[in-house]
1. How large is the translational diffusion coefficient of the chain in µm² per second when you combine the Kirkwood radius over alpha carbon pairs with Stokes-Einstein at 25 °C and 0.890 mPa s?
2. In the chain, which helices (entire DSSP H runs) extend 15 Å or more along their own long axis, judged by Cα positions, while averaging at least 1.6 on the Kyte-Doolittle scale?
3. I need the Kirkwood Rh of the stretch 78-119: take the reciprocal of the average 1/r across all distinct C-alpha pairs and report it in angstrom.
4. At a threshold of 8 angstrom on Cα-Cα distance, excluding pairs fewer than six apart, so keeping six or more, what relative contact order does the stretch 3-149 reach in percent?
5. Taking the convex hull of the alpha carbon atoms in the stretch 50-100, what volume per residue do you get, in Å³?
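What follows draws every value from the coordinates through simple rules; no lab data is involved. Everything numeric here is computed off the predicted structure, so don't read it as measured data.
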Amino acid sequence: MGRFLSFALAGLLFGAGVTVSGMVNPMKVLNFLDFLGTWDPTLITVMGGGLVVTFIGYRIILRRARPLFAGSFQLPGTRIIDAKLVGGAVIFGLGWGLSGFCPAPAMASLVFGNIQSLIFVAAMAAGTLAMRAILHRPPSQKELAEVEG
């Protein structure tokens, strides 16, 4: 129960934060990216605040032997920059720049009933399912032959 409650509280706090900061409004984000037009620099404070909290939070949390509701911390096992990482970053950036939505603020904005949010979240879910299917498919005979030969 404690684990569920901590997840719910973290989600509510995050949703409130992105709503108050304006990140659930795609025009706020698109105006931030429009340096030569209607540039709105206020999202810099949101990003800066997130970096400060993350920087301090990681230093405090990682001093613990383990998390409160798990057996161990789940940190990345590699620092290798591969095609999946770069491809994911490119897709994320394109989606953010074209729609004005990040995944989490888009989810939070669903409560406002905005059709743009619904379309974005549906497209994001479809893309996620498609990539899972592609990455988890069994290799073809041709691919197996290339690996063996």
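1. On the way: Rh = 18.7 Å.
In µm²/s, the coefficient rounds to 131.
2. Details: long enough: 2-21 (28 Å, 1.45); 43-61 (26 Å, 1.79); 83-99 (23 Å, 1.36); 115-135 (30 Å, 1.74).
Span-like helices, by this rule, are 43-61, 115-135.
3. On the way: mean 1/r = 0.0861 Å⁻¹.
It works out to 11.6 Å.
4. Working: 75 pairs, mean separation 38.7, N = 147.
Relative contact order comes out at 26 percent.
5. Numbers: hull volume 6.9 nm³, N = 51.
Per residue, the Cα convex hull of the stretch 50-100 comes to 136 Å³.
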